[in-house]
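These notes concern the structure reproduced below.
The values are calculated or read from the model by the stated rules, or taken from the named source; none is laboratory data. All values reported here derive from a predicted model rather than from experimental measurement. Positions of Cβ are generated from backbone atoms using ideal geometry, with glycine treated the same way; all protein chains shown enter the neighbour counts. Ligands, DNA and RNA are stripped out before the accessible areas are found, and what is left, the full protein with its side chains, is counted by its heavy atoms. Shrake-Rupley method; radii C 1.70, N 1.55, O 1.52, S 1.80 Å.
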Amino acid sequence: MKKKSMFTPEIVQKLSRFRTPFYYYDVGLLRETLETLCQAAEQYDVNVHYALKANAEPHLLSIIREYGLGADCVSGNEIQRALEVGFPPEAIVFAGVGKTDLEIEHALEADIFCLNVESLQELQVIAELARLKDRIASVALRINPNVEAGTHEYITTGREEDKFGIPWKDVPAAVELLQQTPHLRFLGIHFHIGSQITDLNVFKRLCLRVNDIQRWFRQQGLPVLHLNLGGGLGIDYDDPDAHPIPDFASYFQIFDRYLERRADQTLHFELGRSVVGQCGALITRVLYVKQGVERRYAIVDAGMTELIRPALYGAYHQIDNLTAEAGRKSFTYDVVGPVCESSDFLGKDVSLAEVRRGDLLAIRSAGAYAAVMASQYNLRDPAGVVFSDML
Ligand code: LLP
C-alpha cells in the first residue's frame, strides 16, 4: 500500500487552532476502512458486529452504522448507546463475564439478537429472568476454547486460566439446561481468544478447535446455527502509514478455509480495533523539554489519562512531530505526560525531529482503546475531540 501521511500541512495548520490535548479522527480513513471491510465481509458471507468497547464516539458510531454493521456490546450502557445511534436491536450481541441482573433485563426488553453467555450460573440467571418476564432469551454459549493467542498477557482471553467463557467441563451442564428450559433459545456458540492478534495461524488453530466443538454439539442434538468467532484482528502500530487499513480479506479467508461451515450457519465477527484503530490520533502539545542525567524528556500535555496503553501493556504507538520544519536534527526522547506517576509515558526512546516547546505531536493509532479508557486522574480535564469532516 502507498505510504501517505494522515497529516498534510493544511490539516496540521487547522489542528493547531484547537486546545490540546484532543483525539483527532480521520473520518475519510474510517470510511475507506469500512468499505474494505464490507467488501471482504460480502465476499466471504460473514456478519460483522462492531465492538463498541474500542471506541463509542457517537459520530463514529453513526458512520459505522451507515455501513450496515451490527454492534457488539459489553455493558447495558453500550447497548443503550448502540440503540441511540440507530443500530437495530436484532444486530446487537451482548457479551461480558459480569452482566448484572439489570443489564440482562434491559437486554431482554430491548429484544437484542443474542446474549453471549459466559458461565453456567449466568445461564441459570438469564433463564430465570426471562421466565419472570415471560420472554425467551436468545443465547449463544461463549466457550473457552483453550487456544493461545500469542498476544499481550492482559489481552489474552481464550486460555483455560482466563476468566472468560464457559470452561469446557461446564458445557454439558449448560446444554442440559438449554434443552430443559423453554425460556432459553439456543442460537449457537461464541469465542473470543484475544486482541491485537497479528499471526493469522492463531485463527487457524481456533477454527480447528471450533470444528471439534461444533461436532460435539451436533452429537448432542443441538444445531449450531450461529457461529461467532469474536474479534482480535491486529493493526500495524509500528507503521500506521504503511498499513492504514487492515487486511480483512486474508483474515476472513482463514475462517473460510479452515472452518467447517454448514450451509445453514451464519458466521459472525466482533471487530473493534481493526475498524477504528488507525483512524485516530491523540494530538498533544509539548510543554517542556528537559535534559535529565541520561535521558531527554519531551513533557507533553497528554498522558496516561488520555492513552493508557503504553503504561498498561507497554504498548508502542508511533509518535510524529507535526510541526517540526524540515532540517531539524533528530534526538531520542522519552515522551512523557504531566500525571504524577512514573508509568505516565507515551513513548520511550523515541527518535523525533528536535522537539521544542509548543510543538504539536501526534500519537498515532489511537482510534481504539484510547478515548474509551481515559480517566480524570489528577482531576484532569477530559480531552477534546476533533473530526476531519468538521475541520
Ligand atoms: N469481542 C469480545 C468478546 C471482546 O472481548 C473484544 C475485546 C472484542 C470482541 C474486540 O476485539 P478487537 O477486535 O478490538 O481486538 N484494551 C485493550 C484491548 C482489550 C480488548 C478487549 N476485548 C488494548 O488496548 O489493547
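Relative to the longest principal axis of the Cα atoms of the chain, helix 171-180 runs at roughly 50 degrees. The angle separating the long axis of helix 27-43 from the principal Cα axis of greatest extent in the chain is about 30 degrees. Can you give the translational diffusion coefficient of the stretch 330-376 in µm²/s, computed by Stokes-Einstein from the Kirkwood radius over Cα pairs at 10 °C and 1.306 mPa s? Estimated via Stokes-Einstein, D reaches 129 µm²/s.
The packing ranking of peptides 378-386, 41-49, highest mean first, is 41-49, 378-386, where packing means the average number of other beta carbon atoms within 10 angstrom of each residue. Using a cut-off of 21 Å between Cα atoms, the listed pairs Lys290/Lys348; Lys53/Lys99; Lys99/Lys163; Lys99/Lys204 include Lys99/Lys204 as exceeding that distance.
Residues in the stretch 52-68 carry Karplus couplings, in order, of 4, 4, 6, 5, 10, 4, x, 4, 5, 4, 5, 5, 4, 4, 3, 7, x Hz; the curve used is 6.51 cos²θ - 1.76 cosθ + 1.60 with θ = phi - 60°, and Gly or Pro positions show x. Taking the three principal axes of the alpha carbon atoms in the stretch 155-260, the coordinate ranges are 54, 28, 23 Å, sorted in descending order.
Once you reduce the stretch 284-337 and the stretch 66-127 to the center of their Cα atoms, the two points are 39 Å from each other. Solvent-accessible surface of the stretch 27-277, taken per residue with a 1.4 Å probe and all protein chains present: 41 Å².
Find the percent of Cα-Cα distances in the chain that exceed 38 Å, and round it to a whole number. It works out to 24 percent of all Cα pairs. Couplings 3J(HN,Hα) for the stretch 121-127, derived from phi with the Karplus relation 6.51 cos²θ - 1.76 cosθ + 1.60 (θ = phi - 60°), are 5, 4, 4, 4, 5, 4, 4 Hz, where x marks Gly and Pro.
For Ile166, the residues 5 or more places off, or on other chains, whose built amide H falls under 5 Å of its own are Arg142, Ile143, Asn144.
The Cα center of the stretch 195-243 and the Cα center of the stretch 39-57 differ in position by 14 Å. Structural descriptor for the stretch 27-277: relative contact order 22 percent, calculated from alpha carbon pairs under 8 angstrom and at least 6 residues apart. Here the 3J(HN,Hα) profile of the stretch 376-388, calculated from phi with Karplus coefficients 6.51, -1.76 and 1.60 at θ = phi - 60°, is 9, 3, 6, 6, 6, 5, x, 6, x, 9, 10, 10, 4 Hz, Gly and Pro shown as x. Each of Asn201, His317, Tyr377 was scored by the projection of its Cα onto the charge dipole of the chain, and the greatest displacement toward the positive side belongs to His317; charges sit on the C-beta of Lys, Arg, Asp and Glu. The base-10 log of I(q)/I(0) for the stretch 1-119, evaluated at q = 0.19 Å⁻¹, reads -1.02 [Debye formula, identical scatterers on Cα atoms, solvent excluded]. Scoring 186-198, 81-93, 65-77 by mean Cβ neighbours within 10 Å over their residues and listing the highest first yields 186-198, 65-77, 81-93.
Peptides 259-265, 297-303, 102-108 ordered by packing proxy, namely the average of other Cβ atoms within 10 Å per residue, highest first: 297-303, 102-108, 259-265.
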